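Presented below is the structure to which this report refers.
The values are calculated or read from the model by the stated rules, or taken from the named source; none is laboratory data. All of these numbers come straight from a predicted model, not from anything done at the bench. Don't worry about glycine lacking a Cβ; one is built from the backbone with ideal geometry, like all the others, and counts go over all protein chains shown. Areas reflect the complete protein model, heavy atoms only, side chains present, ligands, DNA and RNA absent. Shrake-Rupley method; radii C 1.70, N 1.55, O 1.52, S 1.80 Å.
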Amino acid sequence: MSVAEQTFPSSWRRPPFIKNPLLRWSIIIGAAIYLALAFGTMDVNWQRAAEGLPRGQRFVAAFFPPNFSDNLGVMWDGIFESIWMAIISTIAGIALSIPIGLGAARNLAPKWVYLLNRSIIGGSRTFPEVILAIFAVKLFGFGPFAGFIALSIGTIGFYAKLLAEDIENMSASQAEAIKATGAGWFQWINYAIQPQVMPRMIGLSVYRLDINFRESAVVGIVGGGGIGATLNTAFERYEFDTAAAILLIIIGIVMVLEYTSGFLRKYVQ
Amino acid sequence: MPRIDSTNGPVWKRRTTKQQWAIWAGWLVALAITAFAWQRISEKTIWFFVQDAPRQAADIGSRMIPPKFSYMSKLWAPIWDTLNIATLGTVIALVIAVPVAFAAARNTTPHPIVRTIAIFIIVASRSVNSLIWALMLVFIFGPGVLAGTIAIGLRSIGFCAKLLYEGIEEIDHTQVEAIEATGASGPQKMVFGIVPQVLPTFAGIGVFRWDINIRESTILGLVGAGGIGLELNGSINTLAWTQVSMILLVILLTVVVSEWVSAKVRGAII
């Protein structure tokens, strides 16, 4: 048979993303059923929502122009409180994370220490900072101290987990080399492990500072102090122009922090 | 590695004297900032409450045990709502994040000004926490699931778009060039050259964000935006601590399961 007689397909279709047709169709059908169920059971008062739209317009209009001047003193108080809270909770959180992270690394710790530390991390990761803050406010009273406790605990779940994972992924040969020199445990940690994980950890601590600042804006809503408390007050007094100013300041600070952390990470690596 | 000559022969140090001083100065500044921050926080703290905290913790702890398991029958509906808020919110976010990501990626953006706007959308969405979005949306749509869903959606746009545009910037350009060489138009290049390369990333981001959203949607009820947070808030306000511990247990289980599902799905995709 010559090449000319052979039939070639004249059209081409992209291969599907999920190769197995059974799996593909069951995912599509399952998603369709889920969406139908979800929309069917979602208790949405569409009339109320439609009524809300003109109100929403007025609401959004009330944000403009943002009012930076009337409550300037209170705003700065809140922002600085948030900044101090973010700094101190990042530092305390990291200080607590280091032993927990070391204990949660499979290649350093014995099994029971590993399991214990992993469950501490799991517990702190599960609950959002706001829930932690609710309990911290119950225990320590209103104010930035409660926010500080909540954010510190939240930091553990994030930082210790990433530290443990980084230690588990490190190159074992360097650790072995240091051990071969007869180093003690602390020397081993300090000279074999610390230099390997340090660059990434510095970047992550700046990133966590950024997260803690953002979270400090919400722990205030449940009484944890900081800019969130100011923002909540602004909402409750219907001073939306002040609220808009606060939101813009938060966005601005987060942007600065994000650029700084990007720059710092590049510099360290 | 600097070498310092001393009377007893050369000594090797890890850093030069200058570097060492710079590092010490850095530590000093960091310590000063910490001390100052701590001082500002502690002067606003009522230390009596802090001293009292262990007793309070023991008290609340004892009231929370045992969890009220019979309360579970009332929790199925709020959990379903929470799941819907997270899932539908993620869907909304992904739909909006795709055009934003293509506008923000350096290699696909139509114009630098469009890129700046897209980046601003990403930062604004990421900076404002979902609880604050919910606080505002409850004003507009009234309390309920709708406000929560949209809040989760708005909050997740930034996250999804940021990861997606980084994915788009990292694609293999030779494939796009190959498509271009066949005479493909702009949109065709997009569909056949870029989209297949970022599709796994896209699916991974979606599942990852869904997992985070489950966690976030558990608290939206605190401001009235539906889900299990509503029950939590109600139980805390009525001091029904056995119900609170039950709800926390349910949140824990939900989060663990969603994390497991998300890890499995991501493992299958990548």
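Structure notes:
- Of the peptides A:244-250, A:218-224, A:126-132, A:162-168, the order by per-residue mean of other Cβ atoms within 10 Å, starting with the highest, comes out as A:218-224, A:126-132, A:244-250, A:162-168.
- Among the listed pairs A:Lys266/B:Lys264; A:Lys266/B:Lys13; A:Lys138/B:Lys44, those whose Cα-Cα separation exceeds 22 Å are A:Lys266/B:Lys264; A:Lys266/B:Lys13.
- Kyte-Doolittle mean at least 0.5 and Cα axial length at least 27 Å: DSSP H helices in chain A: A:21-41, A:72-103, A:144-168, A:240-268
- Modelled label positions at A:Leu53 and B:Ala268, each set 7 Å beyond Cα in the direction of Cβ, lie 3.9 nm from each other.
- With a Förster radius of 22 Å applied to the beta-carbon distance between A:Asn169 and B:Val261, the computed FRET efficiency rounds to 0.35.
- Share of carbon and sulfur in the accessible heavy-atom surface of the stretch A:98-246 [1.4 Å probe, %]: 63
- Chain B shape via C-alpha gyration tensor axes, a/c threshold 1.5: oblate
- Cut-off 19 Å, label 7 Å out along Cα→Cβ of B:Ile33, residues of the stretch A:191-205 by amide N: A:198-205
- Charge context of A:Ala62, other residues only, Cβ under 13 angstrom, K/R +1, D/E -1: +1
- Cα gyration tensor shape for the stretch A:70-268, rounded if a/c is under 1.5, else prolate or oblate: prolate
- Value of Rg to Rh for the protein assembly as shown (Rh from inverse mean 1/r over Cα pairs, i.e. Kirkwood): 1.01
- Nonpolar atom fraction for chain B, defined as the carbon and sulfur part of the 1.4 Å probe accessible area, stands at 69 percent.
- A:Ile29/B:Asp59 FRET efficiency (R0 60 Å; Cβ-Cβ; nearest 0.05): 0.70
- Peptides ranked, highest mean first, by Cβ atoms within 10 Å: ranges A:90-101, B:58-69, A:6-17: A:90-101, B:58-69, A:6-17
- Area hidden from solvent between B and A (accessible, protein heavy atoms only, 1.4 Å, total, Å²): 5600
- Given charges at beta-carbon only (K, R positive; D, E negative), |dipole| of the stretch A:70-268 in Debye: 860
- Rounded to the nearest whole Hz, the Karplus-based 3J(HN,Hα) values (6.51 cos²θ - 1.76 cosθ + 1.60, θ = phi - 60°) of the stretch B:219-224 follow the sequence 9, 4, x, 4, 9, x, with x at glycine and proline.
- Packing-based ranking, highest mean first, of A:75-87, A:173-185, B:29-41 given that Cβ atoms within 10 Å are counted: A:75-87, B:29-41, A:173-185
- Less than 5 angstrom separates the built amide H of A:Asn67 from those of A:Thr242, A:Ala244, A:Ala245, all sequence-distant by 5 or more or on a different chain.
- Given +1 at the Cβ of Lys and Arg, -1 at the Cβ of Asp and Glu and no other charges, the dipole of chain B around its Cα centre is 680 debye to the nearest 20.
- The overall shape of the stretch B:193-270, judged from the alpha-carbon gyration tensor, is oblate: a/c is not under 1.5, and a/b is no greater than b/c.
- Occluded residues from the stretch B:221-270, i.e. those whose accessible area drops by 40 Å² or more once the chain is not alone (1.4 Å probe): B:Leu222, B:Ile236, B:Leu248, B:Leu252
- At least 40 Å² of accessible area lost relative to the chain alone, listed for the stretch B:72-91 with a 1.4 Å probe: B:Trp80, B:Asn84, B:Leu88
- Projected onto planes of every orientation and averaged, the convex hull of the alpha-carbon atoms in the stretch B:3-64 covers 8.7 nm².
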